[in-house]
């Protein structure tokens, strides 16, 4: 299973965990191998529609960056790719008129869909969306999924057809996600060493 370091961009700064301290580009690079893929969760882009486009070229100099910045129109996706994103995550709840097929007409970059909170999954996921994505991203934790058998079964079925990456902060849950069928974990930068120490 692939383990991808996750960093947050918040208030134009790099953060190792959502509520953590700011890092310099050098401090971040010391913890991630050169050319390694990193997942960039741009909180400013998602919450305020102000993605940190100026930081992406710097991040992409030494890393393959997968950007989740809440694009709202096709031009936003183009901006992310032009700034250095190799993969892009889109969110149906932010971009209600989302049509993946139009994005795929202009780029060969991989496009992933965040499938949203468990209470909204059935409403958010449309088959037209699923038919065109390269994979899915889930930010629900193991406990949220285990408390809802229907939702867990739903995700397991999706894992059969799509590459699914899930956010995880506890290395003890590695086997759970592997059994579910996830192909990769998005792990906060400050937890990456712990995962690697256990051979993941």
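The values are calculated or read from the model by the stated rules, or taken from the named source; none is laboratory data. All figures in this text were calculated on a predicted structure; none of them were measured in a lab. Every residue, glycine among them, receives a Cβ derived from its backbone with ideal geometry; neighbour counts consider all protein chains shown.
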Residue pairs qualifying under the 8 Å Cβ cut-off, at least six apart or on distinct chains, with the first in the stretch 7-35 being free of Cβ contacts under 8 Å to residues at least 60 places away in the same chain and at positive phi and the second being surrounded by 11 or more Cβ atoms within 10 Å (Cβ to Cβ) and outside any loop (DSSP other than H, G, I, E, B), are 11/44; 12/44; 35/64
By residue number, the members of the stretch 96-120 that are modelled with pLDDT of 90 or more and part of a loop (DSSP other than H, G, I, E, B) are 107, 108, 109
Reported set for the stretch 143-156 where residues are surrounded by 15 or more Cβ atoms within 10 Å (Cβ to Cβ) and either in contact with a strand residue (DSSP E or B) (Cβ under 9 Å, 6 or more places away or on another chain) or assigned to a loop (DSSP other than H, G, I, E, B) (or both) is 145, 148, 155
Among residues of the stretch 182-200 being in contact with a helix residue (DSSP H, G or I) (Cβ under 7 Å, 6 or more places away or on another chain) and part of a loop (DSSP other than H, G, I, E, B), the residue modelled with the highest pLDDT is 182
All-but-one check, residue 56 against (1) within 16 Å of the chain's Cα centre (by Cα); (2) within 25 Å of residue 93 (Cα to Cα); (3) modelled with pLDDT under 95, failing number (3)
The residue that is modelled with the lowest pLDDT, considering only those in the stretch 165-181 that are closer than 19 Å to residue 41 by Cα and touching a helix residue (DSSP H, G or I) at 6+ places or on another chain (Cβ under 6 Å), is 169
Among (1) under 25 Å from residue 193 (Cα atoms); (2) modelled with pLDDT under 85; (3) not in a helix (DSSP H, G or I), residue 137 falls short only on (2)
Checked the stretch 168-184 for anything under 15 Å from the mean Cα position of the chain (by Cα) and either more than 27 Å from residue 67 (Cβ to Cβ) or crowded, with 18+ Cβ neighbours inside 10 Å (or both); matches are 168, 182, 184
Only one of (1) surrounded by fewer than 16 Cβ atoms within 10 Å (Cβ to Cβ); (2) under 17 Å from residue 50 (Cβ atoms); (3) under 15 Å from the mean Cα position of the chain (by Cα) does not apply to residue 91, and that is (1)
